[in-house]
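The values are calculated or read from the model by the stated rules, or taken from the named source; none is laboratory data. All of these numbers come straight from a predicted model, not from anything done at the bench. Using ideal geometry, Cβ is built from the backbone for each residue, glycine included, and neighbour counts are taken over all protein chains shown. Protein only, heavy atoms only, side chains kept; ligands, DNA and RNA dropped before computing areas. Shrake-Rupley method; radii C 1.70, N 1.55, O 1.52, S 1.80 Å.
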Amino acid sequence: MAFNIPGMLLNVIIAWIYLTLVFFGRPNWLKFGGKKDSVAIARNEKNHDNVMKLLQRKYQELGPMTFHEKGVAILFATVVMLWLFRDPRFIKGWAEYVEYVDVGDSTAAMFVVLFLFIIPNSMSFFSGGTSKALMDWKYVQDNLPWGIVLLMGGGFALSDAASVSGLSPWIGDQLNGLQHLDKSVILIVVMMMTAFITEIASNTACANVIIPILLSLSKNLNIHPLYLTLPATVTCSYAFMLPVATPPNAIVFGAGKNMKIMDMVKTGLFLNFSCVIVLFLLNITYGNLLFDYSNYVYANPANISSIHG
């Protein structure tokens, strides 16, 4: 988290500026010299008004928060806090108080899910009335994206199969020729490759396949294991060009009645490159400060010359 938050904030700012310029045009205070384009100004004002009206209408349609919504929000906040303080490292986590049990993130998630099936969704229950729970199994059956569950499970299975079968170490061995390149060049190549692979594969599947290979490659080239794997893992989320890349992309594409795939590609291409460049610069500067990439020794270092960069 300490590594990725600065890059996330910088990428959000860059994306906001870029999308504003693309869809609303350059603001008047950035136009130096020449006559102001009255047509462009009118179009920008109309776009701004349309966006404001759409947001206000959607907000009004939400109405006041119901007891049901408040209950789900509180449970969601609870599971987030349980995740954060399970093993925060700077203080004693709550998991240390649970003896003889291997507590993970799934423990907190299932604990909160249990309460979703127990807590009523209406205040009338407490005054003697009847009420359903915050969530029931029929709702889960009808609305849970089972395809995503299978996709993620398949990604984990593929990752384990690649490691157990020896495929990941074998691919890592075939990439030993990269030892003649500067490690920063290897890093940018890995990040660009990952950014384009994740456009046609899910983030989880992409990470599950690539990370074991990069771990093997890092050991063979005597590079700190986080130097390649950490940026590659974050880059798996840089999927902005195609609807199939991530569920949010598919939702946006489906909601846009006149949106074409090329519209997403043209807009997302710059975001892909800008995010990769920001993360690359962050990793070789701030990342090196955090993790001290140059001072890492493997227990059984590969018999290969260390890369200096």
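Condition (residue is under 20 Å from the mean Cα position of the chain (by Cα), of a type in the set (A, V, I, L, M, F, W, C), over 24 Å from Asp160 (Cα atoms) and open to solvent by less than 50 Å² (accessible area, probe 1.4 Å)) applied to the range 213-225: is it met by at least one residue? For the range 213-225, residues under 20 Å from the mean Cα position of the chain (by Cα), of a type in the set (A, V, I, L, M, F, W, C), over 24 Å from Asp160 (Cα atoms) and open to solvent by less than 50 Å² (accessible area, probe 1.4 Å): absent. So, Lys132, is that one among the basic types (Lys, Arg), at pLDDT 85 or above and either surrounded by fewer than 12 Cβ atoms within 10 Å (Cβ to Cβ) or within 30 Å of Val244 (Cα to Cα) (or both) or not? So Lys132 does not fit the description; no.
Flag: Ile213 does not match the condition of being touching a Lys or Arg at 6+ places or on another chain (Cβ under 7 Å) and within 27 Å of Asp182 (Cα to Cα). Quick check, is Pro212 out of contact with any Leu (no Cβ under 7 Å at 6 or more places or on another chain), over 30 Å from Leu19 (Cβ atoms) and modelled with pLDDT of 80 or more? When the stated conditions are applied, Pro212 passes them.
In the range 285-299, the residue that is surrounded by the fewest Cβ atoms within 10 Å (Cβ to Cβ) out of those that are under 15 Å from Asn220 (Cα atoms) and hydroxyl-bearing (Ser, Thr, Tyr) is Tyr298. Only residues that are buried (at least 22 other Cβ atoms within 10 Å of the Cβ) and at pLDDT below 85: list them for the range 175-187, please. The answer is none; no residue qualifies. Scanning the range 135-156 for residues that are closer than 30 Å to Ile210 by Cβ, surrounded by 12 or more Cβ atoms within 10 Å (Cβ to Cβ) and among the hydrophobic types (A, V, I, L, M, F, W, C) yields a count of 4. Within the range 235-256, residues that are under 15 Å from Gly147 (Cα atoms) and small (Gly, Ala, Ser) sit with their Cβ atoms under 9 Å from residues that are part of a loop (DSSP other than H, G, I, E, B) and open to solvent by less than 70 Å² (accessible area, probe 1.4 Å), at 6+ positions apart or across chains, in these pairs: Ala245/Thr198; Ala245/Glu199; Ala245/Ala201; Ala245/Ser202; Ala245/Ala239; Ala250/Pro243. Just one of (1) assigned to a helix (DSSP H, G or I); (2) charged (D, E, K, R); (3) under 20 Å from the mean Cα position of the chain (by Cα) fails for Glu199. It is (1). Among the numbered conditions (1) of a type in the set (A, V, I, L, M); (2) touching a Gly at 6+ places or on another chain (Cβ under 7 Å); (3) at pLDDT 85 or above, tell me where Val190 comes up short. So Val190 meets the others, but not (2). No other residue among Val80, Val103, Val112 is open to solvent by less than 100 Å² (accessible area, probe 1.4 Å), among the aliphatic types (A, V, I, L, M) and at pLDDT below 90 apart from Val103.
Taking first residues from the range 156-173 that are in a helix (DSSP H, G or I) and partners that are open to solvent by 50 Å² or more (accessible area, probe 1.4 Å), the Cβ contacts under 7 Å between residues at least 6 apart in sequence or on separate chains come to Leu158/Val209; Ser159/Val209; Ala162/Val209.
It is to be established whether one or more residues within the range 134-152 are within 30 Å of Lys219 (Cα to Cα) and either assigned to a helix (DSSP H, G or I) or without any contact (Cβ under 8 Å) to a residue 12 or more places away in the chain (or both). Within the range 134-152 (the criterion being within 30 Å of Lys219 (Cα to Cα) and either assigned to a helix (DSSP H, G or I) or without any contact (Cβ under 8 Å) to a residue 12 or more places away in the chain (or both)), the answer is yes, since at least one residue qualifies.
From the list Phe253, Phe240, exactly one residue is open to solvent by 20 Å² or more (accessible area, probe 1.4 Å) and not in a helix (DSSP H, G or I). Which is it?
Result: Phe240 is the single residue among Phe253, Phe240 that is open to solvent by 20 Å² or more (accessible area, probe 1.4 Å) and not in a helix (DSSP H, G or I).
Put simply, of Arg86, Arg57 the only residue that is touching a helix residue (DSSP H, G or I) at 6+ places or on another chain (Cβ under 7 Å) and at pLDDT 85 or above is Arg86.
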